[in-house]
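These notes are about the structure you will find just below.
The values are calculated or read from the model by the stated rules, or taken from the named source; none is laboratory data. Owing to the predicted nature of the structure, the values given are computational and were not obtained by experimental measurement. Backbone-built Cβ (ideal geometry, glycine too); neighbour counts: all protein chains shown. Heavy atoms of the whole protein, side chains included, go into the accessibility calculation; ligands, DNA and RNA do not. Shrake-Rupley method; radii C 1.70, N 1.55, O 1.52, S 1.80 Å.
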Amino acid sequence: MSNEGLYIFTSINRPPRKLIDAFVGMPSAAIADNMNRMSCMNATIRPINNLPLLGPAFTVKSHPDDNLLLQKALDLAQPGDVLVVDAQGDLTNPVMGKLLALWSKQRGIGGFIIDGAVRDIGALRRMDVPIYAAGTALTMSYKDRPGKINVPVTCGGVVVNPGDILVGDEDGIVVINPRDADDLLIQSKNKIRVEQKIMNDIEKGTLDRMWIEEALKARRAVIINDNRNSPRVNVDAPVTIIIKGSAEPIHATAINMSMDGILLQVEQPLEILSQIRLCLSKELGNINIVANVTWQQYNNFGCEFVDIAEEVRAILDHVIYRHSQFGRLECLDIGY
Ligand SMILES: O=C([O-])CC(=O)C(=O)O
Ligand SMILES: [Mg+2]
């Protein structure tokens, strides 16, 4: 009689050991970079004891909080096999702990990847069987529910077939179809060489970063050197300068301004580091501001505002916003 809920395939096609061993020491990231971002388990699966993992998948589809089928799989798996348990990410009851881990060590099991919970975490950390899991939980699992052994399962968001090659480390786990393994090996070794060259270039100070500029240019990035909180806007409006002790006001044109200062074009020189009073015209909010003259280039003078009153600051903010959005302050019905 068939039993859809509970069946067990005892034998799987394992890739040749030589093919598996060719991945020893290969970082998961170097392999992942050649997989089109596919076939890599997601970050829900984390290393429990930070041991690298490598071996063919022996899969278990368990009921979320039951480990009867995992118990059976541990007796069927061959040395070196990696038990991949699809417990649907459930963290209610842990499906393995130190006893199963110790038994698996006795049997020479290559490791565990569990899309579910484990417990006896202290003991697992000290055990030299690589264990990866979605979390930890305390209460004992059931041992009487349905499940399947050696069917395709999902683990960490990807499909794992029995016999797939699994490579895991602190970064995560990649799932390799053995038919792709030869190509992946070549590409991953190449990736390692490319990264080694980048690291050498960083150390020698010869790293070429031009590709970033090119990528941004191709995407039409807008690069603004101003502080985001104080953008500088181009303006073209008259400003009257009053110099202390001088009866004659000076006429200037504002070229650009920010919340912090203003660039003025003035025909007669201003004294650097002097303090001046600026009467900004209607287009610039019709306000008076005190400023220090900080630098000069030809007849351009950079001035920094000092002690701006809160209400003046609010007007300035509005003026700058309007200029940045609409080019200039055409509409003057804002009450200034
Ligand atoms: O007994 C269980 O189901 C899980 C466990 O804690 C162990 O393997 O030590
Ligand atoms: Mg236990």
By the gyration tensor of its Cα atoms, with a ≥ b ≥ c the square roots of the eigenvalues, what is the shape of segment 92-247: rounded for a/c under 1.5, prolate for a/b over b/c, or oblate?
prolate
Counting only protein heavy atoms, what percent of the accessible surface of segment 233-326 is carbon or sulfur at a 1.4 Å probe?
47 percent
Distance between segment 283-309 and segment 9-24 - C-alpha centres, whole angstrom:
75 Å
Expressed in nanometres to one decimal, the distance between label points 7 Å along Cα→Cβ at ILE202 and LYS282 is 5.9 nm
With the dipole of the chain defined by +1 on each Lys or Arg Cβ and -1 on each Asp or Glu Cβ, the option from THR44, GLY5, CYS279 whose Cα lies farthest towards the positive pole is GLY5
Let's see if you can work this out: charge +1 on each Lys and Arg Cβ, -1 on each Asp and Glu Cβ, no other charges. What is the dipole magnitude of segment 233-326 about its Cα centre, in debye to the nearest 20?
100 debye
Using 1/(1 + (r/R0)^6) with R0 = 25 angstrom and r between the beta carbons of ILE223 and GLU304, what's the FRET efficiency to the nearest 0.05?
0.55
Given labels modelled 7 Å from the Cα in the Cβ direction, how far is it in nm from LEU138 to TYR321?
5.3 nm
Roughly how much of PHE326 is accessible, in Å² to the nearest 10, using a 1.4 Å probe?
130 Å²
If you count only protein heavy atoms with a 1.4 Å probe, what accessible area per residue comes out for the chain, rounded to a whole Å²?
57 Å²
Dipole magnitude (debye, nearest 20) for the chain, charges at Cβ of Lys, Arg, Asp, Glu:
1320 debye
Evaluate the relative contact order of the chain (contact order divided by residue number), counting alpha-carbon pairs under 8 angstrom at least 6 apart; express in whole percent.
16 percent
For the residue pair GLU311 and ARG179, what label-to-label distance in nm results when each label sits 7 Å from Cα along the Cα-to-beta-carbon direction?
7.9 nm
Of LEU83, LEU99, LEU263, which has the most accessible area with a 1.4 Å probe, and how do the rest follow in descending order?
LEU99, LEU263, LEU83
